[in-house]
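Notes for the one structure printed next.
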Amino acid sequence: PLGRLEKYAFSENVFNRQIVARGLLDVLREFSDNENDFISVMETVARMSEDGEPTVRAELMEQVPNIAMFLHENRPNFPEAFSRYLVPIVVRYLTDPNNQVRKTSQAALLVLLEQGLMSKADMEGKVCPVLLELTEPSSDDDYKIEAVAIMCKLVTMLTKDTVEHLLLLRFCELCSDVRLFQVRKVCAANFGEFCSILGQEATEKLLMPKFFDLCSDSLWGIRKACAECFMVVSNCTSPEVRRTKLSPLFINLISDQSRWVRQAAFQSLGRFISTFANPSITGLNFSVSAHGFCYCLHKVTTSNSSNSRNSFIDGSPDSLIQPRSEQLQSTSDLTGPPSHRPEGNSSTQPKEDGTSLGQPKHSAPLSHQQMDDCTVFNSFNFWRSPLPDITQDLQLLQEEERVEWKEDVPSLDAQGPATSSQIQKVLDCLQPHLDDPDVQAQVKVLSAALKAAQLESQREDADESLSESNDSTGSPTSDELSARSELSLTDAQISDSPSSSPVLNVIPQQLLDQYLSMTDPARAQTVDTEIAKHCAFSLPGVALTLGRQNWHCLKDTYETLATDVQWKVRRTLAFSIHELAVILGDQLTAADLVPIFNCFLKDLDEVRIGVLKHLYDFLKLLHADKRREYLYQLQEFMVTDNSRNWRFRYELAEQLILIIELYSHNDVYDYLRQIALNLCSDKVSEVRWISYKLVVEILQKLYACEAHDLGLNFINELIMRFCHCSKWVGRQAFAFICQAIVEEDCMPMDQFAQHLLPSLLSLSSDPVPNVRVLVAKALRQSVLEKPYFKDPGSAYSDELEEALSELRMDKDRDVQFFSTLDPNRNVMDTSALI
């Protein structure tokens, strides 16, 4: 076999060599037990790596991660063999002249690092030196761009010391690469990862100057990348740097001349504001992790419970929160990490250059999300000839037109405040070009500045006249007092506006003003059509940062978003309203959130599902009297716009299981019992089975509260509805419910034996095998395991043994299996039999 391997591995036929490279993993499986044969195969692999045919080398490199994983699992001397034979191949292929081979080696390197198969010594001694060599100023452009991309991806998998000693200085040099904008773009896109790894000191000392340069780069794509990673960078700086340096820098990005930069900045605005969170204001303690996320721990006290409640908020609004469990809450996740932001923009973003942006297409393995996206296949998109990209030409034409008339526009003095006359001149020059969205945004800002300048000049003139008259007469006249009162009234009106209300110096006022302006309809025209959705998505994080004492600053904005015409905006709020209630507390929740919550209950199903998924989390924060009002509305969740939306009813059953603990046994019996029984009759099996668990929880609640009469009534209803059901599905459900009651100890076993066991035993002779299977399982695995029924003197011991004997002799194999099965043996779930 080894001779044949040698023969075909170096055959003159290229196809033979490709087949050998493709089947190396199978060859290693055959010869890995023998040390000499294993060494022979690995040496053959090393020689094949020098093949002159690129397709053979690429095929070989694709197998390297699989070979490495196999060796790691089966060879005790894996590190030595991997470092000796495979690592040199991966490193050498990073500089291969063939583009396909380089891309394959880059992808393989990332896989090896993600799986933890490459040692620190190999990374520092073999991989990093090659990357540093490829990123030299004299390196070839293609090699350099690829090396920068792979270096930035490796940062998150390396230690802080390795990055600081080997890659930091080179990264700073690459951020200032004046020749290749692709290099600067890759550095800007990955700037946050470097800051997170290196920490605050290195970020402020070495990286911050480079970040300022990138934010003012001449290409809009680089400035946009800086805006997208702004939150992560901000988390790695001190509060003083964040306020004095990063805030003005972010304001510049928000007012950038490029619409794409403004769009990215507004999307990151809420996340950036959340980095200003202060425990003394929010009332929540938090700490920043190595990856730039703030983890918060908070305590919530309700009328029924004073236990601490911790919860984790996922960036995705559709994510579930596990109730009744202690978890971490992330401030940055309140606004959504970059990888879990809301749905993207409807408009397509053009490239500022027709060439590659420095990101290799196959430099990393596909994530689960990317794999899911790839499954959506469209032959038109995949097989048609690509259309020519004319975005660059259009952009150049537009820029030339703008330059022609912008040269005539007078510039404002950046060193001092502009006067009203200067601002008016600029506005006059911009009037002929109002058809440009960028000009419209600038005119709006300048108009507000003009009003402020005029008001300021009026105030100064009035102060001067008042002071002169005071100097001459010694006391102000009645007209002067009137003028002074009018000025103070104007100031009071300005300070009472939502955008300028005092926020206890939590965040810079300009940031808050820009955030509140995201609900302005003009923003949708000049920035992003979905800007309101981004505002809603980050609102809990902004509210957490400002604290409940500053909720008045956000109240009007929240109400505007709650009545937005786009259902996606309302849906986003619905998914986070329970967490906003935690932030605001009982009083503000009852006054401001409950009315909006009630509106969401009557909204579209796409909005209602957000409320329903966290119904328990919201109701538990309300007072008992306010919470009881929603008992009458729970039945409305049974009605949906689309009857086929069974997941809506499934979610309702899951929430009712949790909600049971919030109400008294009488309320549970009067209101939740009927909903549970209706769900048990649902057309969809998944809904029925979760509803059976809800029935068991209700019965447990009744007996735990000593409501035996209500419990007995409920049992009789279950027997009539399920045990005597004409459909076998109902009788099967009764067996399942009985087993769950026994396993959960919902009621005393003597009560179970008296009221439920006779009906269960009567189903042991049911004509449908699926019913008998669950009866056998309930009797053998649950009932007989209880001490009450193990006693030979038990009243029902003889009947149990007789029923099991009949089931052991049943003609159906599955019935025989479960009636004789050891209860401690793990077997598959029998719900598949339904």
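Values as computed for the structure displayed
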quantity: Hits in segment 190-223 (condition: closer than 24 Å to Phe266 by Cβ and touching a residue at least 60 places away in the same chain (Cβ under 8 Å)); calculated: Gly192, Cys195, Ser196, Leu219, Trp220, Gly221
quantity: Candidates Leu588, Leu561, Leu601, Leu580, filtered to the one that is of a type outside the set (Ser, Thr, Tyr), buried (at least 22 other Cβ atoms within 10 Å of the Cβ) and under 26 Å from Glu661 (Cβ atoms); calculated: Leu580
quantity: Search result, residues across segment 96-137 that are more than 12 Å from Ala58 (Cα to Cα), touching an Asp or Glu at 6+ places or on another chain (Cβ under 9 Å) and either at pLDDT 85 or above or buried (at least 16 other Cβ atoms within 10 Å of the Cβ) (or both); calculated: Leu134, Thr135
quantity: Filtered residues of segment 762-774 (kept if in a helix (DSSP H, G or I) and either open to solvent by 20 Å² or more (accessible area, probe 1.4 Å) or under 15 Å from Ser726 (Cβ atoms) (or both)); calculated: Ser762, Leu763, Ser765, Pro769, Asn770, Val771
quantity: Scan of segment 701-728 for residues that are in a helix (DSSP H, G or I) and closer than 21 Å to Ser764 by Cα, ordered by number; calculated: Ile715, Asn716, Glu717, Leu718, Ile719, Met720, Arg721, Phe722, Cys723, Trp728
quantity: Filter pass, Ile698 being surrounded by fewer than 22 Cβ atoms within 10 Å (Cβ to Cβ) and within 17 Å of Ile741 (Cα to Cα); calculated: no
quantity: Failed item in (1) part of a helix (DSSP H, G or I); (2) under 18 Å from Val695 (Cα atoms), with Glu799 passing the rest; calculated: (2)
quantity: Criterion violated by Glu743 - all others in (1) acidic (Asp, Glu); (2) under 47 Å from the mean Cα position of the chain (by Cα); (3) open to solvent by less than 30 Å² (accessible area, probe 1.4 Å) satisfied; calculated: (3)
quantity: Checking Val14 against (1) closer than 16 Å to Ile67 by Cβ; (2) touching a residue at least 40 places away in the same chain (Cβ under 8 Å), the condition it does not meet; calculated: (1)
quantity: Options Asp641, Asp670, Asp625: the member that is free of Cβ contacts under 8 Å to residues at least 60 places away in the same chain, assigned to a loop (DSSP other than H, G, I, E, B) and surrounded by fewer than 15 Cβ atoms within 10 Å (Cβ to Cβ); calculated: Asp641
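To keep it simple, each residue is scored yes or no on (1) of a type outside the set (D, E, K, R); (2) not in a helix (DSSP H, G or I).
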{"site": "Gly52", "(1), (2)": "yes, yes"}
{"site": "Gln63", "(1), (2)": "yes, no"}
{"site": "Leu71", "(1), (2)": "yes, no"}
{"site": "Asp96", "(1), (2)": "no, yes"}
{"site": "Thr104", "(1), (2)": "yes, no"}
{"site": "Ala107", "(1), (2)": "yes, no"}
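The values are calculated or read from the model by the stated rules, or taken from the named source; none is laboratory data. From a predicted model like this one, the values you see are computed outputs, not experimental measurements. Cβ coordinates were reconstructed from backbone atoms using ideal geometry, including for glycine residues, and neighbour counts include every protein chain displayed. Only protein heavy atoms, including side chains, enter the accessible area calculation; ligands, DNA and RNA are left aside. Shrake-Rupley method; radii C 1.70, N 1.55, O 1.52, S 1.80 Å.
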